Amino acid sequence: MPGHTLTVNSPLAVEMNGIVKTFGDTRALDGVDLAVPRGAVYGLLGPNGAGKTTSVRVLTTLLRPDAGTARIDGIDVVADPHAVRQRIGLTGQYAAVEERLTARENLGFVGRLFHLPRARVAARADELLERFDLTDAADRVVKGFSGGMRRRLDIAMSLIAEPSVLFLDEPTTGLDPRSRLGMWDVIEELAADGTTVLLTTQYLEEADRLAEQIVVIDHGRVIAEGSPDELKQRIGGARLSVRIARPENQERAMSTLTPLCAGEVVSDDARTGFSAPIIAGDGVVPGVIRALDDAGVDVLDVEVRRPSLDDVFLVLTGRTTDAEEDAS
Amino acid sequence: MNRLRWLLHDSWVEAERHLRIIPRNVELLIFASIQPIMFLAIFVYVFGGSIVIPGFDNYDQFLMPGIFAQTLVFGSAFTGIGLADDLQKGLVDRLRSLPMSRSAVIVGRTISDLVRNLFTFVVMIVVALAIGFRFTGGAVDAITATALLVLFSYALSWVQAVIGLSVSSVEAANSAGFIWMFPLTFVSSAFVDPSNMPGWLRPVADANPFTLVTNSARALYNGNPVGNDAWWALAWSVGIIVVFSTMAARRFSRSTAG
Ligand SMILES: Nc1ncnc2c1ncn2[C@@H]1O[C@H](COP(=O)(O)OP(=O)(O)OP(=O)(O)O)[C@@H](O)[C@H]1O
Ligand SMILES: [Mg+2]
């Protein structure tokens, strides 16, 4: 192994500055900036063709950018791709496993290509098979694996050399809901162990659950960045909805709710439904129920609706994500 | 030095990835053996009686080296198909993201195909001996002849590698890999004497490197004088390897899984 064991002091695990990549007339990346601190989980969110995979390919040394700089742990991906490859794990958009070999053999050949000692590869393979729930299937040929099993093996393969930065390109696309939940647990565990994770996704729910910071890209540009909560707040705070049993209590309900809310309380035509903006926080719902109860109003339902990332996406791009999903 | 050790290590890991599956894939083994046996049988029994070659009392002694050569050359197509398959499945992307020697992916593939081809060759020799073929030139010449054939087939593996890395699907690699091998092997001295070909075709057959390779191997297997043909055959193989390995390396660093 060449002497790339330089200690890097960069506080950023992943860095992109003004990255441009064109394919013919398509500007796949049009000046992308990204900064992922060490140990963080970042979500790259965007519809089909946004430039998610292209970003990952630039960062993992598979594509040379036309302009801009990209660094992993402070190491330039163009200047020293080899040192970058020693630090990263890549799980591409489509599972890249050798179908004709067993799960264990797949882990073995990747481990040996990382130049780990054989004994270390074997031990690490056992560990990963166990962790990804593949021990029973370890010595079966991958051809017969389900999509979820392949994906787990795929991720296990990218973890064999304990990378400091892990790239996951749409890790749950094509998985059934149960496998998706399993995958989320796995990613959360990796994050808890301190691995920096950059994952791309088209699922807002996924970014919301896994990523502490979300970078929204569209047409090769970053159009928004922030924590899931920040992004949601950007399009307005939470709203309270209340339903009561009897219309004759309308007046009393409104006067009870007004001091608890952050704005005007509006009532529906049936005079039993109310809605108002609130400052979302713990204890809002119990507080509302208690106050209405004390005022002698029979409450049927109280709900705080926070804006979803779908709302955010719609506001930012003018499109819903679902409309894009049949493309690709 | 370090780089070379790396290249060898990584190439071997890659070759092993392909070689491991061979003993498991019984179908592949059966078909890999049947094809050369079928070719031997068809040519020897169908054409054998009708073709007379000046200077050869026995057409089989003329023909069989030609079939050996053709079978080995056809075996090179696996290289392109295999690489196209790895590309299509995204495995090449994974490999390109690893801190491994860049060339090892193709070197490993060509080495495993060489081993596979040697297996086919052994099966074929056994069958050829059983139906009457004899190495009348002695052991050293027979080994030299075999080495020339295998080297040429290895060189064509690199041509196939370039093809496999240039096309966008396994199916395309399959057709593009085989199509040119028919004129290459038939417009040659492998099965007939080129002096019986039409005037315009004869020079093509004579200049065909496959003719040179076949002629050298045939002469050596039969204990006839080889002349400079063997050197030319060697030069062609080395030249093809140099040119096409450079092209393949360039394609490899550019290729993507789409
Ligand atoms: N190798 C290529 N050749 C030509 N165009 C490409 C290539 N790779 C990507 N593109 C184009 O670049 C743009 C961004 O593609 P990219 O694959 O990065 O999008 P994505 O966000 O990953 O989309 P998806 O959700 O469909 O995976 C698209 O318009 C795509 O067609
Ligand atoms: Mg993509």
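The values are calculated or read from the model by the stated rules, or taken from the named source; none is laboratory data. Keep in mind it's a predicted model, so treat the numbers as computed, not measured. Cβ sites come from the backbone with ideal geometry, for glycine too, and all protein chains shown count toward neighbours. We work out accessible area using only protein heavy atoms, side chains counted, and drop any ligands, DNA or RNA first. Shrake-Rupley method; radii C 1.70, N 1.55, O 1.52, S 1.80 Å.
Here is how the numbers come out for the structure above:
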quantity	calculated
Positive minus negative residues near A:VAL20 (Lys, Arg vs Asp, Glu; Cβ under 9 Å)	0
Once exposed loop chymotrypsin sites (Phe, Trp or Tyr not before Pro) are cut out (DSSP; at most 14 other Cβ, 10 Å), longest piece of chain B	B:1-179
Furthest towards positive pole of dipole, A:PHE145, A:ALA262, A:HIS115, structure part chain A, Cβ charges	A:HIS115
Karplus (6.51, -1.76, 1.60) ³J(HN,Hα), θ = phi - 60°, over the range B:226-240, in Hz, Gly and Pro reported as x	8, x, 7, 3, 5, 5, 4, 4, 4, 4, 4, 4, 5, x, 4
Per-pair calculated FRET efficiency, R0 = 56 Å: B:LEU4 and B:ILE53 via Cβ, rounded to 0.05	0.75
Distance from the range A:172-244 to the range A:283-299 (C-alpha centre basis), Å	33 Å
With at most 16 other Cβ atoms within 10 Å, longest stretch of chain A clear of loop GluC sites (Glu not before Pro) (DSSP)	A:100-211
Surface accessible to a 1.4 Å probe, per residue, for the residues of chain A, Å²	45 Å²
Size of the B/A contact, given as accessible area buried on both chains, probe 1.4 Å, in Å²	2700 Å²
Proximal charge balance of B:LEU149 [Cβ under 14 Å; K/R count +1, D/E count -1]	-1
Shielded by partner chains, the range B:92-121 residues - at least 50 Å² of accessible area, 1.4 Å probe, vs chain alone	B:ARG94, B:ARG96, B:SER97, B:LEU98, B:PRO99
Two-decimal Rg/Rh across the range B:14-74, once Rg and the Kirkwood Rh are taken from alpha-carbon atoms	1.17
Cβ-defined net charge surrounding A:VAL297, 15 Å radius [Lys, Arg +1; Asp, Glu -1]	-1
Calculated from backbone phi, Karplus (6.51, -1.76, 1.60) coupling profile of the range B:143-155 in Hz, x at Gly/Pro	5, 4, 4, 4, 4, 4, 5, 5, 5, 5, 5, 5, 4
Sequence-distant lysines (8 or more away, or on other chains) whose Cα lies within less than 24 Å of A:LYS52	A:LYS21, A:LYS232, B:LYS89
3J(HN,Hα) from dihedral phi, the range B:215-223, Karplus parametrisation 6.51/-1.76/1.60, rounded to Hz, x for glycine, proline	4, 5, 4, 4, 4, 5, 4, 9, x
Between the range B:172-249 and the range A:42-119, the alpha-carbon center distance in angstrom	42 Å
All-pairs Cα distance distribution in the protein assembly as shown, expressed in whole percent, bin size 10 Å	3, 14, 20, 18, 14, 11, 8, 4, 3, 2, 1, 0
Amide H contacts under 5 Å for A:THR200, placed H, 5+ residues apart	A:LEU44, A:LEU168, A:ASP169, A:GLU170
Over the range A:1-122, volume per residue of the alpha carbon convex hull, in Å³	140 Å³
Unit charges on C-beta of K, R, D, E only; dipole of the range B:41-193, Debye	500 debye
